[in-house]
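Laboratory data are not the source of any read-out in this text; all were calculated from the coordinates shown. No experiment lies behind these values; they were computed from the predicted model shown. As a convention, Cβ positions derive from the backbone with ideal geometry for all residues, glycine included, and neighbour counts pool all protein chains shown.
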Amino acid sequence: MSHGRPPRRVRYKPAVNMLNVVINRATRLTAAEVDQVMGPIRTSLTALREGVANDVQWGILCSAIEVGLAIEDQGVVRGLRGHLCAAEQALATIGKRALKSGTWRPTALHFDELEHVTEAMRLHQYQIEQLSAAELAKVHQAAKTRVLQSGGRVITLAQVEACA
């Protein structure tokens, strides 16, 4: 019975091949996708190594560490926490030194800082290569939540693209 209302009209929804959706979310990232993720990280690492990194580039490297720790927490790739924590500490020290005057000033790196950050980014690439698209989205969200809860700043895609 229609109860005085016109019949409901069903809108056409295109058929989605769920098998393709599942396969795309479950397979590892392609080399091009890994390069897309790692591109801004590599650019930021180069700028940091050369002593010309700005605060956004430093933040991109800090974000990579947070994502790496989220990957570690999820158990997809394990055993890298020590390297990631050492790089996190090195980046914190670099950030304090760069902000010593109150505004961001690029700073030269100490050898051990450079070594820790470089090794962590190499290991982070390995982590990214082991993830599926769904796992990457999940760890990005976990890292974002952790940073916001600790009072940190989240870098937007526009800021990343501006540095690239």
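Find how much the distance from residue 141 to residue 161 grows on full extension, using 0.36 nm per residue of separation minus their present alpha carbon separation; answer in nm with one decimal. Intermediate values should be presented prior to the final figure.
On the way: separation 20, 0.36 × 20 = 7.20 nm, distance 1.93 nm.
Full-extension gain reported as 5.3 nm.
Going highest first, how would you order 87-98, 144-155 by mean Cβ packing within 10 Å? Display every interim value, and only then the final one.
Details: 87-98: 17.8, 144-155: 13.1.
The packing order, highest mean first, is 87-98, 144-155.
Give, to the nearest whole percent, the P(r) tail of the range 29-163 beyond 23 angstrom, counting all Cα pairs.
Details: 2508 of 9045 pairs.
More than 23 Å apart: 28 percent of the Cα pairs in the range 29-163.
Along the Cα→Cβ direction, 7 angstrom out, place labels at residue 149 and residue 42. What is the inter-label distance in nm?
Placing both labels 7 Å beyond Cα along the Cβ direction yields 3.4 nm.
Farthest toward the dipole's positive end in the range 29-163, which of 80, 137, 52, given Cβ charges of +1 (Lys, Arg) and -1 (Asp, Glu) about the Cα centre?
About the Cα centre, the residue reaching furthest to the positive side is 52.
Around residue 113, what is the net charge, scoring Lys/Arg as +1 and Asp/Glu as -1 over all other residues with Cβ under 12 Å from its Cβ?
Details: positive: 49, 96, 97; negative: 88, 112, 115, 119.
Around residue 113, the surrounding residues sum to -1.
Using a Cα-Cα cut-off of under 14 Å, which aspartates and glutamates could be cross-linked to residue 100, ignoring same-chain neighbours fewer than 8 residues away?
55
Quote the charge dipole size of the range 29-163 about the Cα centre in Debye, to the nearest 20; the model charges only the Cβ of Lys and Arg (+1) and of Asp and Glu (-1). Don't skip to the end; give the middle numbers.
Numbers: 13 positive and 15 negative charges, 90 e Å.
Magnitude of the dipole: close to 440 debye.
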